[in-house]
Amino acid sequence: MMNSMKASYMKSKFIITILVSLVICTLLSGCVPRSIIDELGITHTIGIDEENGKLTATVLYPNYTNSNKASVIKTAADNPSTLKSNLGHKSQSQIVLGQIRTFVLGDSYSKAGISRVLETICKDATIGNITFVVSDTKAEDIIKGLKPAPPLYLSHLLETSVLHEGTPETNIHTLVSQYYGSGIDIYLPNISFDNEKQLVVSGLSIFKGEKLKLTISNKEAFLFKLMNDKNKSGYYDITLPTKDNQKGKDNDKEQKHNRDKKQGDIDGKQPGNENNFALKSLYGKHKITLHKKGNENTISMNLTLNVELKGIPESIQIEKKEDYQYLKKSMEKIIANDIETLLKKLQQNEVDPFGFGIIYRSESKEWNEKEFYQKIYPKMAFSVKTDLILRQLGVGE
Amino acid sequence: MELGGHIMIDQNTMTFEELITLAKKSRDFSQIENRVNDTKVLISYFSTLVNHELMQTSFLSNLNVKDENLKIKSLKDLQELLPLSEMSITNDLSEIENKLYKGQLIVQIENETSEFLLININSCQTGLRQFNDSENEFSVVGPKMGFVEDIDTNMNLLRRKINSPKLVIEEILIGSLSKTRVMIVYMDGITSEQHINTVRERLADIDIDIVWDTSLLDQVIRDNQNTPFPLYLSTERIDRITYTIVSGQIAIFSDGTPYAISGPSTLFDFFISPEDYYLNWVLGSFFRFIRIMGVFFSIFTSSIYVAVLTFHYEVIPKDLLGPLIESRANVPFPPILEVIFLELTIELLREAGARLPTKVGQTLGIVGGIVIGQAAVAAALTSNILLIIVALSALSSFTTPIFVMSNTIRVLRFVFIVLASFLGGLGIILGFVFLLAHLFRLKSFGTPYLVPLYPFRRNALADSFIRSSFKFINKRPEYLRPRDSLKYGVKKKKKTKGDLNDE
């Protein structure tokens, strides 16, 4: 009898424990509002601008439920949260940010500073891994231009560009770590419409603090990617100096184009520069180290790159050892020089997307960001070494 | 042998005359008076239970003795006269009563009032099916034989498979009205004594009127009455029950049903198909893995659909977003109603399919399901994608080899769907946590139910998620506490260096 009473007591205690924990779980989680998927205004792309001292947001949201027509809404407000509620006033369904893929920052807004929007976005738990891009006009123009395109056009465009075409990878994680971290600056891909009204990824925008400072070209962006990302795939344009002019002009990177003698007299010249060819980067490794000698700080960069060559100039006979060596050495030199030029350009503009500050900080006891960028960084010296390994040359004749 | 308490009292007070009076109330009770050389012989039996042919040829014809010198003085003399094997002389009234109602003849002779001769000529084969295909647990490779409704046939089939003196079959009568023969089968010297005693005790404690099926015994003796999970493996396949017995489990058979149960079982036992062992271990492992994946798929997909579409639109992959919204564009219901509607349709089809006579009926049910589903989509009652999800999860619940287990999975799914509709992903996790806690606490004959995982037993993992090569599964699982753990020895193969000529 005692046992059974004890057992039933235990059992009821157990049931009460279950009920209490269920109630606690429900209370703790709160009542999440239902957001049924087809009743939401799901947006993938937002453009942020500043207009007359106000923030404006331009939202492109696809209408999946009927006819696949996208709508564009634009509102202005003084702060990001009001911006979101203002958007809701203008659309038939609640605008939600959980499926945002790309944030387009207008150029004037970027120059004014992106911190407010960035800090608001960081606090929104529904926003996942998104990409930020900077447009070279107003973001509104980009969004409006995207209206006839498929809903995820911009996101896919950036994805392919990062995967295969040599744009450095960026997302909200890199952005936030660069924004809050000291010793590194923000870089974001740049987009614009070209002359034929097509959207292109056009280089990289580099920020100083929260403000846009410098824009570099696609070619430079690729060099940047080679020294910064793990994924090194992309194409690089090389104009080979002619063999005859090689001597004495080794250090000159901007080789003037000289026609090959064999082809020289032919009138019906093919379009393009025939000493110019593309180098396809396959994979490789980079290493950035800091050498300190008293007050002199040298950044040395080593790059080992496996490349595929397609369409090398006819004057080069790759079977010959000297030609092979010549090709390899001159390519290595060109790339090294180009990287060095880029580094100097960044240095002159006082931006540090590579994060030399982080490397410096890791090797010195004292760290003062301001002092580093005012005194040490402008005086840094660079030495770049590249090693190309020619893996493939395409199918032979 | 123990019987229910109140029956014992009845039999103690009843006399033989009362027994006969009670039996005479039934129309099929007959009594024949015969004379064997001046000795009066009284034969009482139920005419519906005895084999009349055997009675004519072996019994009655032998009573007509021509030899004048033969004198029947006792039952022993009569017994010697008859060419039958199953005869016994007794004065135990309860035994007489039992056997009378099982179809035996009671023979009395003059001057002998306290002792009776019992002769077994019952017609045990009457009304039994002649084929024993295992229809409900089909396998493509391997034997297709199953048990039948007759327990003697079943024991015969079992003994033919396990040809060893170690196989012990204990009998016990259960059921105050049915007095069903229930067999406890185990391997002597292998199966744990403790488990055997547990089974004996639990079966002896049963007080029930009629044993309909072993599943009834299962429900009465199980460790936890309120769990939807089957705690004992129930099967009609000979090879499966043989496997459990030689692994060190105890099987329980009951007369009148082809299903046997065996225990202690673990959750993984329910996802084992004999085919896993008939195929190479690579294939066997793959199919078993598919089956276990199927269970998770079946339980969780519909609920995840509900959770994601009602609460977590953020987690949908971007390329799936368009198709998902488009397919739901014209559906007027919230996802929970949509899912419940379709799941119920599938359940109805399955129930209807089970009532249809043949396998064709089942296939027809599925095809009907597709047609109904298509029509439902066309009428904008559900979305296309949900139709696929529900159909696939129904399909994957069919892959579970044990029917009882697949029923459990069917039911669990609804719990998760409802939880998902209230709390979204949190609800599913909450449900999963409760499910795990429940599974951790379950026991089968005192052995943990989730055993290779909790408590973790590394050795037993070789035959859980995957079916390893026979080289590695030659030991009985430790959690069954076998007295002899080695199933068979593994000889090491000599590695011979290949000769050039071999190639």
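Quick notes on this one:
- Condition met for residue A:95 (within 14 Å of chain B (Cβ to nearest Cβ) and aliphatic (A, V, I, L, M)): yes
- Total residues in the stretch B:406-419, condition among the aliphatic types (A, V, I, L, M), under 24 Å from residue B:291 (Cβ atoms) and more than 27 Å from the chain's Cα centre (by Cα): 1
- Sole exception among (1) touching a residue at least 40 places away in the same chain (Cβ under 8 Å); (2) away from chain B (no Cβ under 14 Å); (3) in contact with a strand residue (DSSP E or B) (Cβ under 6 Å, 6 or more places away or on another chain) for residue A:90, by number: (1)
- Meets criteria (under 34 Å from the mean Cα position of the chain (by Cα), closer than 25 Å to residue B:439 by Cβ and more than 14 Å from chain A (Cβ to nearest Cβ)) for residue B:392: yes
- Hits in the stretch A:376-397 (condition: among the charged types (D, E, K, R), surrounded by 11 or more Cβ atoms within 10 Å (Cβ to Cβ) and modelled with pLDDT under 90): A:391
- Note on the stretch B:403-417: among residues that are among the β-branched types (Val, Ile, Thr) and touching a residue at least 60 places away in the same chain (Cβ under 8 Å), the one that is farthest from the other protein chains (Cβ to nearest Cβ) is B:404.
- Residue check for residue A:282: crowded, with 18+ Cβ neighbours inside 10 Å and closer than 27 Å to residue A:354 by Cβ: no
- All positions within the stretch A:119-135 that are more than 14 Å from chain B (Cβ to nearest Cβ) and at pLDDT 90 or above: A:132, A:133, A:134, A:135
- Just one residue in the set A:360, A:373 is aromatic (Phe, Trp, Tyr), free of Cβ contacts under 8 Å to residues at least 60 places away in the same chain and within 30 Å of residue A:178 (Cα to Cα); that residue is A:373.
- Residue within the stretch A:355-363 that is part of a helix (DSSP H, G or I) and either at pLDDT below 90 or among the acidic types (Asp, Glu) (or both) present: yes
- Lone qualifier among B:128, B:157 - being over 24 Å from residue B:208 (Cα atoms), in the same structural domain as residue B:213 (by TED's automatic domain parsing) and hydrophobic (A, V, I, L, M, F, W, C): B:157
- Lone qualifier among A:196, A:210 - being surrounded by fewer than 19 Cβ atoms within 10 Å (Cβ to Cβ) and in contact with a Ser or Thr (Cβ under 6 Å, 6 or more places away or on another chain): A:210
- Of all residues in the stretch A:54-91 being small (Gly, Ala, Ser) and within 27 Å of the chain's Cα centre (by Cα), the one that is modelled with the highest pLDDT: A:57
- Contact annotation: residue pairs with Cβ atoms under 8 Å, 6 or more positions apart or on different chains, pairing a residue in the stretch B:325-351 that is within 14 Å of chain A (Cβ to nearest Cβ) with a partner that is surrounded by fewer than 19 Cβ atoms within 10 Å (Cβ to Cβ) and of a type in the set (S, T, N, Q), are B:325/A:65; B:326/A:65; B:327/B:384; B:329/A:65; B:329/A:66.
- In the stretch A:98-118, the condition of being touching a helix residue (DSSP H, G or I) at 6+ places or on another chain (Cβ under 9 Å), surrounded by fewer than 16 Cβ atoms within 10 Å (Cβ to Cβ), under 21 Å from residue A:191 (Cα atoms) and of a type in the set (S, T, N, Q) is met by at least one residue.
- Taking the criterion of being surrounded by fewer than 21 Cβ atoms within 10 Å (Cβ to Cβ) and facing another protein chain (nearest Cβ under 10 Å), the residues of the stretch B:424-440 that qualify are B:425, B:426, B:429, B:430, B:433, B:434, B:437.
- Checking residue A:238 against (1) touching a helix residue (DSSP H, G or I) at 6+ places or on another chain (Cβ under 7 Å); (2) modelled with pLDDT of 90 or more; (3) assigned to a strand (DSSP E or B), the condition it does not meet: (2)
- For the stretch B:433-448, the candidate set comprises residues that are assigned to a helix (DSSP H, G or I) and touching a residue at least 24 places away in the same chain (Cβ under 8 Å); within that set, the residue that is nearest to the chain's Cα centre (by Cα) is B:439.
- For residue A:150, the test of being within 14 Å of chain B (Cβ to nearest Cβ), touching a strand residue (DSSP E or B) at 6+ places or on another chain (Cβ under 9 Å) and over 30 Å from residue A:281 (Cα atoms) is passed.
- Positions within the stretch A:45-65 being more than 12 Å from residue A:87 (Cβ to Cβ), surrounded by fewer than 24 Cβ atoms within 10 Å (Cβ to Cβ) and within 14 Å of another protein chain (Cβ to nearest Cβ), in sequence order: A:62, A:63, A:64, A:65
- Index of the failed condition, residue B:451 passing every other in (1) in contact with a Pro (Cβ under 9 Å, 6 or more places away or on another chain); (2) in a helix (DSSP H, G or I); (3) not polar (S, T, N, Q): (2)
- Selection of helices (runs of 4 or more DSSP H) fully inside the stretch A:129-205 by the criterion of at least 3 residues being over 30 Å from residue A:371 (Cβ atoms) returns A:139-145, A:153-164.
- Filter result (more than 14 Å from chain B (Cβ to nearest Cβ), outside any helix (DSSP H, G or I) and out of contact with any Asp or Glu (no Cβ under 6 Å at 6 or more places or on another chain)) within the stretch A:98-117: A:103, A:104, A:105
Residue-by-condition table, conditions (1) touching a His at 6+ places or on another chain (Cβ under 9 Å); (2) more than 22 Å from residue B:431 (Cβ to Cβ); (3) among the β-branched types (Val, Ile, Thr):
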| residue | (1), (2), (3) |
| --- | --- |
| B:237 | no, yes, no |
| B:242 | no, yes, yes |
| B:279 | no, yes, no |
| B:289 | no, yes, no |
| B:295 | no, no, yes |
| B:311 | no, no, no |
| B:322 | no, yes, no |
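- Residue count for the stretch B:310-324 satisfying the condition of being touching a Ser or Thr at 6+ places or on another chain (Cβ under 9 Å) and either more than 10 Å from chain A (Cβ to nearest Cβ) or buried (at least 20 other Cβ atoms within 10 Å of the Cβ) (or both): 4.
- Flag for residue B:399 being β-branched (Val, Ile, Thr), touching a Gly at 6+ places or on another chain (Cβ under 8 Å) and on the phi < 0 side of the Ramachandran plot: yes
- Single match in B:257, B:244 (criterion: in contact with a strand residue (DSSP E or B) (Cβ under 8 Å, 6 or more places away or on another chain), more than 14 Å from chain A (Cβ to nearest Cβ) and surrounded by 22 or more Cβ atoms within 10 Å (Cβ to Cβ)): B:244
The values are calculated or read from the model by the stated rules, or taken from the named source; none is laboratory data. Owing to the predicted nature of the structure, the values given are computational and were not obtained by experimental measurement. Ideal geometry is used to build each Cβ from the backbone, glycine not excepted, and the neighbour counts take in all protein chains shown.
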